[in-house]
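Some notes on the structure that comes next.
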Amino acid sequence: MDLETLVEKFTQKDEKAFEQLYNMYSKSMHGVIFNIVRNNDIAEEVMQDVFIKAWYKSDTYSISKGRFFTWLLNIARNAAIDKTRSKNFKKTKQNLNSDLFVDIIESNDSLDSKTDAIGIKKFVNKLAKKCKDVIDLLYFKGYTQTEASEKLDMPIGTIKTRNRNCIKELRSMVLS
């Protein structure tokens, strides 16, 4: 079954379509979420919530606005960021395990392998360093544009413009 038909059945609440899409995208979504929350159990929980939310909000997806994967990825990224901003999440981070810091240091300059389930890393690596930096912070590490602006020491407007231009360049590479 082609993806378009599968997504159409999903929006009509077909459980088999849901299962197939879950099997297709769960590893990618988990990887993106994990890069933001940095905890496997929480990433698993958020991922489940993402697919449930997508199921209930499937009528809001429109093929004319973009690919299904991108729509789902945005739900996952936003859910993970929301989770990190919640009081419960902040409480669990008060006494951090030193292993978390080692992992952050080791993976700071590279994308987690779990986020490469769809092969996007090879395209991101072809981008200029300025694009890789912005995309890594915004999409793989869950920074807000304001946080990325502070981290990269550049104006928020530059971050927004770079993000838009870099995503456009990435999209043209992937689709060509």
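Assorted remarks:
- Qualifying position, being closer than 20 Å to Tyr143 by Cα, in contact (Cβ under 8 Å) with a residue 40 or more places away in the chain and either out of contact with any Lys or Arg (no Cβ under 6 Å at 6 or more places or on another chain) or not assigned by TED's automatic domain parsing to the domain that holds Gly142 (or both), among Phe10, Phe34: Phe34
- Hits in segment 1-33 (condition: surrounded by 16 or more Cβ atoms within 10 Å (Cβ to Cβ), over 23 Å from the mean Cα position of the chain (by Cα) and closer than 13 Å to Phe51 by Cα): none
- Leading residue by the ranking (most open to solvent (accessible area, probe 1.4 Å)) among those in segment 34-82 that are outside any helix (DSSP H, G or I) and within 17 Å of Phe18 (Cβ to Cβ): Lys57
- Any chance Asp153 is loosely packed, with under 14 Cβ neighbours inside 10 Å, under 13 Å from the mean Cα position of the chain (by Cα), among the charged types (D, E, K, R) and at pLDDT 90 or above: no
The values are calculated or read from the model by the stated rules, or taken from the named source; none is laboratory data. Since this is a predicted model, take the numbers as computed values, not measurements. Cβ sites come from the backbone with ideal geometry, for glycine too, and all protein chains shown count toward neighbours. The accessibility values were calculated without ligands, DNA or RNA, using every heavy atom of the protein model including side chains. Shrake-Rupley method; radii C 1.70, N 1.55, O 1.52, S 1.80 Å.
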